[in-house]
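As structure tokens, the structure follows; a few thoughts come after it.
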Amino acid sequence: MAMEEYLLPLRTPCVYHDTSFLSEDEATEAYEDLLNNTPWEKTPKINRWVTLMMDVPDDEQQEEETGEDETKRDYRYRDAPGAPLVGFPPIVHKLKTMAEEWYNSKVVSDGSSDKKPVKFNICLLNYYQNGTQRIGWHSDREEIGRSTPIASISLGCTRKFLIRSKTDGVRDRASIEMTNGSIILMENICQYKYLHSVPKESDVEDGRINLTFRCKEFESSDNAAGELATTEGELNHQKRDHWITQISTEMGALDSTAGSWKAGGARIADNYDGGGDDDDDDLEAKVFGDNAKFHKDYDGEITVEYVVKTNIGAECYCAAELEELLDIEQYTVLARPFEVAGYVAICRTTEQSAIAIGGEDERIEMEDALLQLRSAHHVLKYHDYFNLEDLLPDQEEGVESDKKSGIGSINGEMLYQYYKQKLVSGESSIPSLVELEKGGTFRVSCDRIGSGQGFTGPELEFEIGGAMSEFYTHIKPKMTDFDILIRADVVATKVIVGTQINVDDLSKQRHFLRFRNAVTLKTNLAYAMIRMANIKKGDLVCDPFCGSGTILLEALDVYRTEQIKCVGMDVSRRSANGARENAIAEGFNDDLCQFHCCDARNFKRHLTDESVDVIVSNLPWGVITGQKNVSDLQTMYEIFLRNAWYVLKDGGRIVMLVLRGLQLTRIIRKLSGRYRLLSVNVVRTTNNLPSIVVIEKLAVDEVRTSVKRQLGYLAQFVNVSSEMYSALNYEKIDETTL
């Protein structure tokens, strides 16, 4: 059979499919062998069973089994880093050899290409129990295999395999049936140009096993006979896995309470005293959230009464809002209490505890005020805090413990026993459950952030909820229609426990949106951004990438009495019209908020020079479409900032949320004569780490103006050559390396 007959009909011929790779009997026998004899693992991150195997040479087998040289087997599957790494059993070794022979005999020996023989030595096995287990659209982000082919053997029931182009998925796509014993081979270019998936099929009731073979190393002529050299993909893999270690080595130990960069170079957490002298000439350049206080920097005794949950990295904004809301004579606001990221504590110091506060009416009034917070997700009545390390057994003196692996060994039973003991001993108490009338109901909910824990969020809910139910015998747990919601949230190794006083997430459903983009900015971050813009009465606010209009709606709502006006723009007419509908639904007509379908690079068509006071926007990330590469985004960002300079008033601010924070700050440094960088703060949104960047327009590029004046004055003392004329009148400077 000619090789063309194995190729899928894609514009870039890079995927081979052979339905007769194994006979039906061979495939069924292999399926039963692997199903019954493979040490399958399942993690909360993936919805199927996996095992990772590595082909270990015989002379290294003993060394590998005893763990004497673990560095030789440091490859881990990114979605299940804890999955066991085992050697190839006979059946996997047989299938690996057959896959190599198939590729080398049919592709390499074809003679029409420069393909080299392949030797697989890594195998990832996925077991799909039925059609409900699937894998979504993705390209293979495992660097192993990025420079070599990948072979995928399917055993068991038939499942669909879909593949589509990253840039033209409508026309450049294919769909095949992966039958029992079939093989798919993808050349390395496939991972760069295409996405693939195994979709959900509810009518499929039987299981399927997929073996994906990769090349961890390749033979090199520069090495001794039989010695393997590391591939370029493997180097990238190791660099990715050890990036935190590299940062630690280059920049020192990582700071768990690191805050944003601000003008002047100080970390937010370093500004405990309020940021300096009130007579400071730079006072106007301060940014909302600059003066947040962090628990780590506070030495006194405190009693925590409430904790507020927000985005990790956004604690400074929540703390600043709380400072405005509360009586600072009675309460102290500290970000990241007990170094728990994503939380802000409302506490009373020893001195403040001596100040009498009101009774139940004042407490209710305070909680009502807390429920109006715009920068928060949840408000909790604080009860307890503990570190998962507290659950680990004490180590003998002189014995070095591995806390990371220890945390991974903590299971649900250990959580139950630990927290039950805390309740019995009186070390912990849940007043809201004590006060709940007999027969009342409660539920425990958990948000789990970070990796390395050996339990899931639902497991923690079940075990700690069980401990509470057994201790407080007058009440019972209930999953729905409960009276009290207890949160036991996990952030890395820290657990914070409290009674949630809000019903719904405070950042959701604040605005009535008739139209909603596929990705919409949470209102709590929109609030923080408009506060950082330093908006004043009568200001004109512009969002050139408005989407569904969340930022402008939040600005109009917050500054409802300040007579501000807004202009929104979006290159999508659907988004511009949808944002207009949202504004009208909120009661903001065209007199207050106008929307235009316009490319942000040409927004001067709708705005005159120096007419805008502030620009606040969530810049395109280039994630959803998959069509924006780094160069495209860099060009768009730079053109946007150059055009924005003309429409902004002198001293006007631009506040931007952008995924590529390092790239954007590099562009801003390139435009340093036009803008001053005030603040850069990284926040966590779902599973991304975008940056909030604040800059301010400089009316005059003082350095450029000074040099031009000096050149103009001194030119009278020289004969102006063509080179000198160019120096005076042209500025063709290659800024790409700046």
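A short reminder: the numbers here are calculations on the coordinates, not readings from a lab. Small disclaimer: the values here were computed from a predicted structure and weren't measured. Backbone-built Cβ (ideal geometry, glycine too); neighbour counts: all protein chains shown.
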Sequence-distant residues sharing a close amide H with Tyr194 (under 5 Å, placed H):
Lys166
Counting Lys and Arg as +1 and Asp and Glu as -1 over every other residue whose Cβ sits under 15 Å from the Cβ of Lys438, the net charge comes to -1
Which ordering of Glu362, Glu321 is given by a fewest-first count of other beta-carbon atoms within 10 Å?
Glu362, Glu321
A correct Karplus calculation of ³J(HN,Hα) over region 684-699, with 6.51 cos²θ - 1.76 cosθ + 1.60, θ = phi - 60°, whole Hz and x for Gly and Pro, returns 9, 10, 6, 10, 10, 10, x, 10, 9, 10, 10, 10, 10, 6, 8, 5
Using amide H atoms built in the peptide plane, which far-off residues or other-chain residues are under 5 Å from Lys494 H to H?
Leu388
Rounded, prolate or oblate (a/c below 1.5 giving rounded, otherwise prolate when a/b exceeds b/c) for region 523-699 by Cα gyration tensor
rounded
On a full-extension model of 0.36 nm per residue, what is the gain between Thr480 and Ile176, subtracting their alpha-carbon distance, rounded to one decimal in nm?
105.1 nm
By the scheme Lys and Arg +1, Asp and Glu -1, what is the net charge of all other residues having a beta-carbon under 11 Å from that of Gly547?
0
Fewest to most neighbouring Cβ within 10 Å: what's the order for Thr349, Thr158?
Thr158, Thr349
Among 419-431, 330-342, how do they line up by average Cβ neighbours within 10 Å per residue, starting with the highest?
330-342, 419-431
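Neighbouring Cβ atoms within 10 Å as the yardstick, rank Lys293, Lys537 fewest first.
Ordered by Cβ neighbours within 10 Å, fewest first: Lys537, Lys293.
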Measure off 7 Å from each Cα along the Cα-to-Cβ vector at Leu698 and Thr520, then give the distance between these two points in nanometres to one decimal.
4.0
Subtracting the Cα-Cα distance of Val707 and Cys597 from 0.36 nm times their residue separation yields 35.5 nm
Just to confirm a number: summing +1 for Lys and Arg and -1 for Asp and Glu over residues other than Pro477 whose beta-carbon lies under 13 angstrom from that of Pro477, what do you get?
-2
Ile639 to Trp621: extension gain in nm, 0.36 nm per residue of separation minus the Cα-Cα distance?
4.9 nm
